[in-house]
Amino acid sequence: MDSAPRTLHWQGDVDGHLVLLDQTRLPGAVVEIQCHTVEDVWQAIKRLAVRGAPAIGCAAAYGVCLSLRDLESHRGLRGSPAGETVLEACDYLATSRPTAVNLFWALERMRKTAKRAVASSPAELAERLLKEAQAIHAEDRDMCAAIGRHGADLLAELPEGSNLLTHCNAGALATGGDGTALSVIFELARRGRRPHVWVDETRPLLQGARLTAWELQQRGVDCTLICDSMAAQVMREGRVQAVVTGADRIAANGDSANKIGTYGVALLARAHEIPFYIAAPTSTIDMSLDSGDKIPIEERPEQEITHGFQIATAPAGVSAYNPAFDVTPASLIEAIITERGTISPVNHDSMAVLMEDSLNDQLSSKQ
């Protein structure tokens, strides 16, 4: 797996550019996208060439670095001072996708970096921005590794060779590191636990079939692909011991938004008395939202359902509803696995304790 293509990386120095693995082309072709402008990054996020909340945040941070490359190149910024250009780029990138909170978290860090460097020259500002983007990327790698360790510790009591089920893709393709949900599985494999993974195909864009199955094969982890509608039967047959998924935004009470279909999987897990876990970094937790009812749900084009992968699969003129995410209530979640440990029971109080401890540690590290 060491030779596998990277999800994203910055190529060159301050005057370099962002390179993304085009996930819309997997698993059939491994193609990289060279992003030289803010618009390039916005388009890549919007069309899911890069996806997964942490990876979106990393890509957006690097996208901000591109805003100073050519002040004439970004529409609406002609003649703007360097600092204003950066802030406008942050605002623009924030419009690419509405649900993944890591996008806004990363952009806010870039905004703060720009504001602190208000008296700097454009060259100095560019250096500071790239340093911050690289820090966000490095921190995500470390968070993924920690999530994997905590998750593997939590699941240590499962028998060797246990069956896990996951939905969508929460691996290296969705983050700056080894992933969130898949990081737990990879760590179990490293510890010799030989997990087997049931991979939901994840309609309508098949992130499970195209991406998760590909990643697991790359790592040599035993897996079996199933249609989303088969999860209930697999659980009924006793073939699943735990469910682990990622999340794109988690509210203050623990309600968690993830790829459409996750809520249904959580309901099935509860019906079959199977523990359902969320694995996500604390940057995915949005304490400003009291509950999942406040999480904005992205609605994507009808054509993703009626013409999946450019093939007509529905009669002409039929309407379709295509929410990209759903929200799993905290009451269905056994634990949330973060880089700082696990949250259980999942409720407002336990979430607040972990986030307060995280904030205190951050403040102490800056003193």
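The values are calculated or read from the model by the stated rules, or taken from the named source; none is laboratory data. All figures in this text were calculated on a predicted structure; none of them were measured in a lab. Every residue, glycine among them, receives a Cβ derived from its backbone with ideal geometry; neighbour counts consider all protein chains shown.
A few points about this structure:
- Subset of the stretch 51-67 that is within 16 Å of A126 (Cα to Cα) and either free of Cβ contacts under 8 Å to residues at least 24 places away in the same chain or touching a Ser or Thr at 6+ places or on another chain (Cβ under 8 Å) (or both) - its residue that is surrounded by the most Cβ atoms within 10 Å (Cβ to Cβ): A60
- On inspection, G208 qualifies as modelled with pLDDT of 95 or more, farther than 18 Å from A145 by Cα and surrounded by 24 or more Cβ atoms within 10 Å (Cβ to Cβ).
- Any hit, the stretch 342-358, residues being closer than 22 Å to T166 by Cβ, among the hydrophobic types (A, V, I, L, M, F, W, C) and in contact with a strand residue (DSSP E or B) (Cβ under 7 Å, 6 or more places away or on another chain): yes
- Every residue from the stretch 23-50 that is exposed (fewer than 14 other Cβ atoms within 10 Å of the Cβ) and of a type in the set (A, V, I, L, M): A29, V30
Yes/no per residue for (1) surrounded by 20 or more Cβ atoms within 10 Å (Cβ to Cβ); (2) closer than 15 Å to P329 by Cα:
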position: E187; (1), (2): yes, no
position: G192; (1), (2): no, no
position: Q233; (1), (2): no, no
position: D255; (1), (2): yes, yes
position: G261; (1), (2): yes, yes
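- Only residues that are out of contact with any helix residue (DSSP H, G or I) (no Cβ under 6 Å at 6 or more places or on another chain), among the small types (G, A, S) and in contact (Cβ under 8 Å) with a residue 40 or more places away in the chain were counted in the stretch 146-162, giving 2.
- Flag if E273 is outside any loop (DSSP other than H, G, I, E, B) and assigned by TED's automatic domain parsing to the domain that holds H167: no
- Once the stretch 68-97 is narrowed to residues that are surrounded by fewer than 17 Cβ atoms within 10 Å (Cβ to Cβ) and touching a Lys or Arg at 6+ places or on another chain (Cβ under 8 Å), the residue that is modelled with the lowest pLDDT is E72.
- Scan of the stretch 205-229 for residues that are farther than 17 Å from L182 by Cα and without any contact (Cβ under 8 Å) to a residue 12 or more places away in the chain, ordered by number: S229
- Unmet criterion (only one of (1) in contact with a Lys or Arg (Cβ under 9 Å, 6 or more places away or on another chain); (2) not in a loop (DSSP other than H, G, I, E, B)) for S120: (2)
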